[in-house]
1. When you scan segment 139-146, do you find a residue that is under 16 Å from the mean Cα position of the chain (by Cα) and exposed (fewer than 14 other Cβ atoms within 10 Å of the Cβ), even just one?
2. Given Leu63, Leu50, which one is of a type outside the set (Asp, Glu) and within 11 Å of the chain's Cα centre (by Cα)?
3. Step by step: first the residues of segment 71-120, then only those that are touching a residue at least 40 places away in the same chain (Cβ under 8 Å) and among the aliphatic types (A, V, I, L, M), then the one that is surrounded by the most Cβ atoms within 10 Å (Cβ to Cβ). Which residue is that?
4. Restricting to segment 121-138, give me the number of residues that are touching a Phe, Trp or Tyr at 6+ places or on another chain (Cβ under 8 Å) and either buried (at least 18 other Cβ atoms within 10 Å of the Cβ) or not aliphatic (A, V, I, L, M) (or both).
5. Where in segment 22-90 are there helices (runs of 4 or more DSSP H), lying wholly inside it, with at least 3 residues that are over 18 Å from Ile141 (Cβ atoms)?
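The values are calculated or read from the model by the stated rules, or taken from the named source; none is laboratory data. Since this is a predicted model, take the numbers as computed values, not measurements. Don't worry about glycine lacking a Cβ; one is built from the backbone with ideal geometry, like all the others, and counts go over all protein chains shown.
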Amino acid sequence: MITISYWRNKVKAILHLDDNPHRIAAAFSLGVFISCSPFIGLHFISAFFLAWVLRLNPVAVILGTLFNNPWTFAPIFGASFWIGIKIYGRHELLQPIHWQDLTIVNAIPQLEPYLKPFLLGTTLLGIIASVIAYPCAYYFIKEYRYLRHRAQETSHV
């Protein structure tokens, strides 16, 4: 079960990384963007791959992907689809998906009205979430390190 102490430990793990705050915040922000991607099941693989390619800290990227978890899954993807519908212009009533008739042959025509708005929405929501995540992470990392440094100075006096 995910508890407050679970999240506290995850935040502490980010704050104790041996990298500069800009790179940690960028890695965390990338993880948040990945977490909004519609490619469920590929988030961790994408995070490790992009961390390796961009030479970012994989721990910070993985922790950013935890932004999308069982508690936030439905709101993130629901909001993504809603945003995509509004921007893409699919204002007409979407036809229901006939799951019992869904095959490989007719999957694309049946799912196409849903896929394009969903992909657009997840991309936009991912960009917005990562743009918000970067300054928040940067601020908390800088503040935490400053306070930790001050505490170490006062303990040596």
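1. Checking segment 139-146: not a single residue is under 16 Å from the mean Cα position of the chain (by Cα) and exposed (fewer than 14 other Cβ atoms within 10 Å of the Cβ).
2. Numbers: Leu50 fails: within 11 Å of the chain's Cα centre (by Cα).
Every option except Leu63 fails the conditions.
3. This residue is Ile76.
4. Going through segment 121-138, the residues touching a Phe, Trp or Tyr at 6+ places or on another chain (Cβ under 8 Å) turn out to be 121-122, 126-127, 129-130, 133-134, 137.
So of that shortlist, the ones also either buried (at least 18 other Cβ atoms within 10 Å of the Cβ) or not aliphatic (A, V, I, L, M) (or both) come out as 121-122, 126, 129-130, 133-134, 137.
Matching residues across segment 121-138 total 8.
5. The qualifying helices (runs of 4 or more DSSP H) are 43-54, 73-88.
Conditions (1) part of a helix (DSSP H, G or I); (2) modelled with pLDDT of 85 or more; (3) in contact with a Gly (Cβ under 6 Å, 6 or more places away or on another chain); (4) more than 17 Å from Ser37 (Cα to Cα), marked per residue:
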| position | (1), (2), (3), (4) |
| --- | --- |
| Leu94 | no, no, no, yes |
| Val105 | no, no, no, yes |
| Phe118 | yes, yes, yes, no |
| Ser130 | yes, yes, no, no |
| Arg148 | yes, no, no, yes |
